[in-house]
Structures are given as C-alpha cells and as structure tokens.
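Okay, so here's the structure we're looking at.
Just so you know, all these numbers are worked out from the coordinates, no wet-lab data involved. Keep in mind that what you see is a predicted model, and the values were worked out from it rather than measured. When we count neighbours, we look across all protein chains shown, and the Cβ atoms used for this are built from the backbone with ideal geometry, even at glycine.
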Amino acid sequence: MLLRKLKGTMRRSKKIEKNRDNSIMFTGIIKEIGIIRSVLNMNGVIEITVGSSLVNSDSIVDDSIAVNGICLTVTKKNAASFTVQAVRETVLRSNIKSFAENMKVNLEPALRPNDRLGGHIVQGHIDGTGEVLKVIPQSIGKEFLIRTEKETLRYIVNKGSVCIDGISLTVADVRGNEFRAAVIPHTENNTTAKDWRAGTIVNIETDIIGRYIEKFISPVKTDITIEKLSELGY
C-alpha cells in the first residue's frame with residue numbers, strides 16, 4: 001500500500017514538473033499548419049481534435065500547444081491527431097467560436113529550455129480578436145490592416161511585436177482603432193496568413209513587456225492620507 005502511494009506521488013510530481021517545463025512560453029514561430037478534425041461542445045467546454053504530423057509526433061498528453069495562438073493542453077492523442085479543450089473564457093476571448101471541421105490552424109509547441117527564441121515572448125493568452133479589413137500587397141510580402149478593440153490596441157505600438165493567430169509579426173503602423181502588420185512571403189506561405197481575407201477574424205495577443213512596464217510605472221494605490229498620518233502622530 002505504501003509503495004503504491006509513493007509511486008502515485010512520484011507520478012503526480014513528474015506530471016506537475018512536466019507541465020511547468022512545457023508551459024514556459026511560445027515564440028510565435030509556427031511549426032506546422034494543422035487541420036481541425038472535429039469540434040465538440042461538451043456543456044460549455046469545447047473539445048477540438050487537430051490533425052497533425054510534426055507537432056503531434058513530438059507531443060504527449062498534458063503538453064501545451066498553441067492552436068492559432070491559444071495555449072491549450074493536450075488531453076488525448078493518437079498517431080494522427082491530438083485533442084485539446086477550451087473553457088468558456090477562452091472561447092469568448094478568441095476565434096475558437098469559428099473553429100470548424102477541415103479548418104486550417106497554426107500550431108506551435110511550447111518552448112523548451114534549449115530552443116531558440118526566434119520570435120518574441122508569447123504566453124498563449126489571447127487579449128482579444130481583430131478583423132482583417134484589407135490585404136495590402138507590398139514589394140516584398142503583404143501588410144494586413146486589422147481593426148480591434150481600443151483596450152487591445154492600447155498595447156500595440158508602431159515597430160513593436162504582436163502575435164496574430166499565433167504568428168509573431170511586426171507592427172507597421174497604428175492609427176485610431178486599427179493597425180497594420182507586415183508579413184514576409186516565407187511566413188505567409190508557411191502559416192494560415194495566406195488565407196486571410198477581408199472579414200477574417202484573428203486572435204490577438206499583445207506584447208507582455210508593455211503590460212509589465214505599465215504596471216511598474218503606474219502609481220501605487222494606497223489608503224494612506226495626510227489625515228491618517230496625522231491621527232497616527234506623524
């Protein structure tokens with residue numbers, strides 16, 4: 001009995017440790033385009049099965065995989081696909097609500113300690129969605145004009161980084177409640193960006209560094225007043 005308990009404890013510890021290792025962050029460098037095989041609504045929890053070869057072959061149950069930029073946990077898998085689940089909050093904030101069978105999605109496994117940081121720091125926590133308004137051809141590559149909420153746009157800066165449907169991109173311009181993101185041909189050809197059109201709804205994750213800076217420089221709120229200090233004898 002004691003031996004079984006010890007083995008169970010060791011398995012749980014290994015599972016927790018593995019989750020920590022595999023949920024460090026992502027980089028916005030897409031490894032593969034997956035194909036959605038099925039989408040099931042189970043009492044508000046959305047279960048998505050994704051067909052994949054490269055990412056799936058190197059993953060195990062409990063691993064974290066970014067699906068269109070959304071950090072999701074593998075709940076089961078087989079040789080040809082893996083299954084993840086999304087809760088209500090994730091569904092409301094992202095474009096998961098538009099996921100359908102045979103839809104293409106960007107895939108990136110969580111960063112490992114020995115991997116290169118090829119893009120920028122991405123958490124897989126979607127801030128909101130945006131709508132592609134226009135596709136603008138450039139001499140090299142394309143720019144996408146995207147409209148989003150002001151709260152999301154607040155953390156998007158010109159020449160900064162933004163993650164769109166899991167892709168690390170450079171911001172070309174910000175005006176009003178719209179911004180332009182530049183995509184080079186290699187990135188377009190190896191991601192779902194090649195299918196973006198006017199009206200496409202995309203996931204947006206802003207650069208976390210901006211949020212940290214805002215917090216650090218924001219005034220600290222306190223209940224201390226001159227009157228209270230006076231009452232305390234200061």
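Ordering 168, 139, 218 from the fewest to the most neighbouring beta carbons within 10 Å gives 139, 218, 168.
Stretched out straight at 0.36 nm per residue, the stretch from residue 57 to residue 186 would grow longer than its current Cα-Cα span by 44.1 nm.
Counting 0.36 nm for each residue step from residue 89 to residue 40 and taking away their Cα separation leaves a gain of 16.0 nm. Cβ crowding within 10 Å, taken as a proxy for footprinting-reagent exposure, orders 60, 209, 48, 29 from fewest neighbours to most as 60, 209, 29, 48. In this simple spin-label model, placing a label point 7 Å from the Cα along the Cα-to-Cβ direction at both residue 102 and residue 175 gives a separation of 3.9 nm.
In this structure, the residue pairs whose Cα-Cα separation is over 24 Å, taken from 104/159; 150/194; 77/142; 31/104; 97/159; 97/142, are 104/159; 150/194; 77/142; 97/159; 97/142. Once the chain from residue 197 to residue 79 is taken as fully extended at 0.36 nm per residue, the excess over their C-alpha distance is 39.2 nm. Using the Cβ-Cβ distance between residue 157 and residue 218 with R0 set to 25 Å, the FRET efficiency from 1/(1 + (r/R0)^6) comes to roughly 0.90. Seen from residue 44, the other residues with C-beta closer than 15 Å to its C-beta sum to a net charge of +1, counting Lys and Arg as +1 and Asp and Glu as -1.
Exposure proxy ranking for 163, 71, based on other Cβ atoms within 10 angstrom of each Cβ and starting from the fewest, stands as 71, 163.
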